[in-house]
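Following: one structure in structure tokens, then a few remarks.
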Amino acid sequence: MLALIVYAMILTLVQAVLPTMFGIASGKLTLPYLLGARDEQIQPATYGARAKRAFANLQESLPVFFTLAILAIILDKDVSQYAGLWLIARVVYVPAYVIDIPYIRTMVWLASLACLVLMAMALMA
């Protein structure tokens, strides 16, 4: 379970820098801007904006995942298969959102939500 928590943290870090990477690739973000105070808001490129929204979505479910994963460790319950599936779904969610695959993106999000529910149910059993 600890490994899955670490992988979720790595995913979080990757998603945190992804909008900036898209901004640099599109030429909208420059090194002087990134190293400065960023007083002006720069409108991100389409992929950067989508990556930012995908990251915001991850931030909404991450506290629930961490709470359930830590409770599983404390209660000595094995929910690693659900946690692993949650992580896979969250990884798949990023490109599905960034390249705009609407139905797949929604199904993947629902799958990740179902994994959180299953984790919670397994902890209650």
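Per-structure values
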read-out: Charge dipole magnitude, Cβ of K and R +1, D and E -1 - region 1-111, Cα centre, debye nearest 20; value: 220 debye
read-out: Helix 80-98 vs. the chain, principal-axis angle (Cα, 0 to 90°, nearest 10); value: 20 degrees
read-out: Cα lying deepest toward the dipole's positive end in the chain, options A54, Q43, I70, charges on Cβ; value: Q43
read-out: Degrees separating the helix 2-26 axis from the principal Cα axis of the chain, which is the longest one; value: 20 degrees
read-out: Given charges at Cβ of Lys, Arg, Asp, Glu: the chain dipole, positive-most of M124, V14, I104; value: I104
read-out: Cα gyration tensor shape of region 49-92, rounded if a/c is under 1.5, else prolate or oblate by comparing a/b with b/c; value: oblate
read-out: Listed residues L29, L75, L18, most fluctuating in the chain (Gaussian network, C-alpha, under 10 Å); value: L75
read-out: Cα shape, the chain, gyration tensor, a/c 1.5 rule; value: prolate
read-out: Gaussian network model of the chain, Cα within-10 Å springs - most flexible of G36, G48, G84; value: G36
read-out: Per DSSP, loop trypsin sites (Lys or Arg not before Pro) in region 75-125 with at most 16 further Cβ within 10 Å; value: K77
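Every number in this text was worked out from the coordinates using simple rules, so none of it is lab data. If you're wondering where the values come from, they're calculated on a predicted model, not measured in any experiment. Virtual Cβ from ideal backbone geometry, glycine too; neighbours counted across all protein chains shown.
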